[in-house]
C-alpha cells in the first residue's frame, strides 16, 4: 500500500544568491507555498530564452509568503504592495552561477522550479 506524505503549505526558509549589486548582501531568503504547474498555461522551457508572462510572475508573487529583504538596512514588510514593487524587479535578475555553469538562471526560473517541486514541501 502506498502512503502519501503530508505536503506542507509553506516551505522552510530557502535562500537564493543573486548575481547583482542591487542587493547587499545579494541573497533573498523566502518562505513560499507550492504552485501547481497545471495552473500555468504558457509553461517555460527551463530558462532557455523564454520570457515570463504576467501570469507566471503573479503566481510567483502570490507564492511568496514571508521574506528576509531589506532596503538601506531597514527590513521590508512582506506585503502585497512591497512584493509587487520589489520582488517584481528581483525576479528578472540572474541567480549566481553554480560551479561548472557559465551563467546562472534568472531568479524567476529558479523560484518557479522550487515552488513547483512538491518534494520541497513534504513533511519528513
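Is it true that residue 97 is under 16 Å from residue 17 (Cβ atoms) and loosely packed, with under 14 Cβ neighbours inside 10 Å?
Details: under 16 Å from residue 17 (Cβ atoms): yes; loosely packed, with under 14 Cβ neighbours inside 10 Å: yes.
Spelling it out, residue 97 is indeed under 16 Å from residue 17 (Cβ atoms) and loosely packed, with under 14 Cβ neighbours inside 10 Å.
Just the residues that are modelled with pLDDT of 90 or more and either surrounded by fewer than 17 Cβ atoms within 10 Å (Cβ to Cβ) or not in a strand (DSSP E or B) (or both), please, taken from segment 54-70. Even if it seems obvious, please write down each step before you answer.
So in segment 54-70, the residues modelled with pLDDT of 90 or more come out as 60-68.
Result: 60, 61, 62, 63, 65, 66, 68.
Tell me which of these residue 47 doesn't satisfy, since it passes every other one: (1) in contact with a strand residue (DSSP E or B) (Cβ under 7 Å, 6 or more places away or on another chain); (2) at pLDDT 90 or above.
It fails just one condition, (2).
Output the residues belonging to segment 106-124 that are over 19 Å from residue 36 (Cβ atoms) and modelled with pLDDT of 85 or more.
Selection gives 106, 107.
So residue 73 passes all but one of these: (1) at pLDDT 90 or above; (2) loosely packed, with under 11 Cβ neighbours inside 10 Å; (3) more than 22 Å from residue 104 (Cβ to Cβ). Which condition number does it fail?
Of (1) at pLDDT 90 or above; (2) loosely packed, with under 11 Cβ neighbours inside 10 Å; (3) more than 22 Å from residue 104 (Cβ to Cβ), only one is false for residue 73: (1).
So how many residues does segment 71-87 have that are in a loop (DSSP other than H, G, I, E, B) and in contact with a helix residue (DSSP H, G or I) (Cβ under 7 Å, 6 or more places away or on another chain)?
Of the residues in segment 71-87, 1 are in a loop (DSSP other than H, G, I, E, B) and in contact with a helix residue (DSSP H, G or I) (Cβ under 7 Å, 6 or more places away or on another chain).
Restricting segment 1-41 to residues that are touching a helix residue (DSSP H, G or I) at 6+ places or on another chain (Cβ under 9 Å), part of a loop (DSSP other than H, G, I, E, B) and at pLDDT 85 or above, which is farthest from residue 96 (Cα to Cα)?
Only one residue fits best here, namely 9.
With the requirement that a residue be touching a strand residue (DSSP E or B) at 6+ places or on another chain (Cβ under 9 Å) and surrounded by fewer than 19 Cβ atoms within 10 Å (Cβ to Cβ), what does segment 78-90 give you?
Scanning segment 78-90 gives 78, 82, 86.
The values are calculated or read from the model by the stated rules, or taken from the named source; none is laboratory data. What you see is a predicted model; the values in this text were computed from it and never measured. When we count neighbours, we look across all protein chains shown, and the Cβ atoms used for this are built from the backbone with ideal geometry, even at glycine.
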